[in-house]
Amino acid sequence: MQYHPISHDIILMEAKTELLSFPIHGDSRGSLIALECFEEIPFAIKRIYYIFGTQKNTPRGFHAHKELKQILISVSGSVTIHCEQNSCKRKYFLNSPDKGLLIEGLVWREMHDFSPDCVLLVLANQHYDENDYIRTYEEFKKIVLQSLNHEE
Ligand code: T46
């Protein structure tokens, strides 16, 4: 894992997004997915939360994290996750419980087009910490620029 120091007091983790596939244990009764730390999930889980009952045309997110690692799984319904890292923008359509979107480090994320039945499960490697959030796009772009300049 690479870390990019951008000032004397801020050290940022490398930004990364990756779509993971989880094995389905299926039989005549239906399906089961098991997730274990350091097996299917590449970190120790410290927090779980889930987003549901999202209102129509109501996006969420619009922030980045400095160091948090998370995996987003749409266990029911669908949602589109818009990610931006190092000026590269990607959209991930999550509509299956066997797919998980890993988001690490300095990635701007927005959640759009929740289906009414969407339950978005999130596994995180840290407890809730408001200080880890970058809440404005301007601040996000500024920190990305600082970190890129530092690499040169
Ligand atoms: C993220 C995306 C995918 C807590 O008290 N504990 C928690 O662990 C979380 C995640 C939130 N909260 C409180 C803070 C706010 O008062 O719940 C409220 C809603 O949180 P927020 O507006 O940050 O929710 P989203 O859906 O915009 O973002 C969330 C996560 O916060 C964020 O880390 O990556 O989901």
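The values are calculated or read from the model by the stated rules, or taken from the named source; none is laboratory data. Just so we're clear, the structure is a prediction, and the values are computed from it rather than from any experiment. Methodologically, a virtual Cβ is constructed for each residue, glycine included, from the backbone with ideal geometry; neighbour enumeration extends over all protein chains shown. Ligands, DNA and RNA are stripped out before the accessible areas are found, and what is left, the full protein with its side chains, is counted by its heavy atoms. Shrake-Rupley method; radii C 1.70, N 1.55, O 1.52, S 1.80 Å.
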Semi-axes a, b, c in Å (a largest) for the stretch 1-124, each sqrt of 5 times a Cα gyration tensor eigenvalue, come to 26, 19, 11
Given +1 on the Cβ of Lys and Arg, -1 on the Cβ of Asp and Glu, and no further charges, what dipole in debye does the chain carry about its Cα centre, rounded to the nearest 20?
440
Carbon plus sulfur, as percent of the 1.4 Å-probe accessible area of the stretch 44-145, comes to 52
For the chain, take the longest principal axis of its alpha carbons; what is the angle in degrees between that and the long axis of helix 137-151, to the nearest 10 within 0 to 90?
60
Accessible area in square angstrom per residue, the chain, 1.4 angstrom probe
59
Projected area averaged over orientations for the stretch 57-112, convex hull of C-alpha atoms, nm²:
3.8
Using Stokes-Einstein with the Kirkwood hydrodynamic radius over Cα pairs, what translational diffusion coefficient do you get for the stretch 82-125 at 10 °C and a viscosity of 1.306 mPa s, in µm²/s rounded to a whole number?
134
Relative packing of 102-111, 117-126, which averages over residues the other C-beta atoms within 10 Å, highest first
102-111, 117-126
Which aspartates and glutamates have a Cα less than 12 Å from the Cα of K99, not counting those fewer than 8 places away in the same chain?
E18, E40
Which entries of K66/K142; K16/K66; K89/K142; K16/K91; K16/K69 have Cα-Cα distances beyond 19 Å here?
none
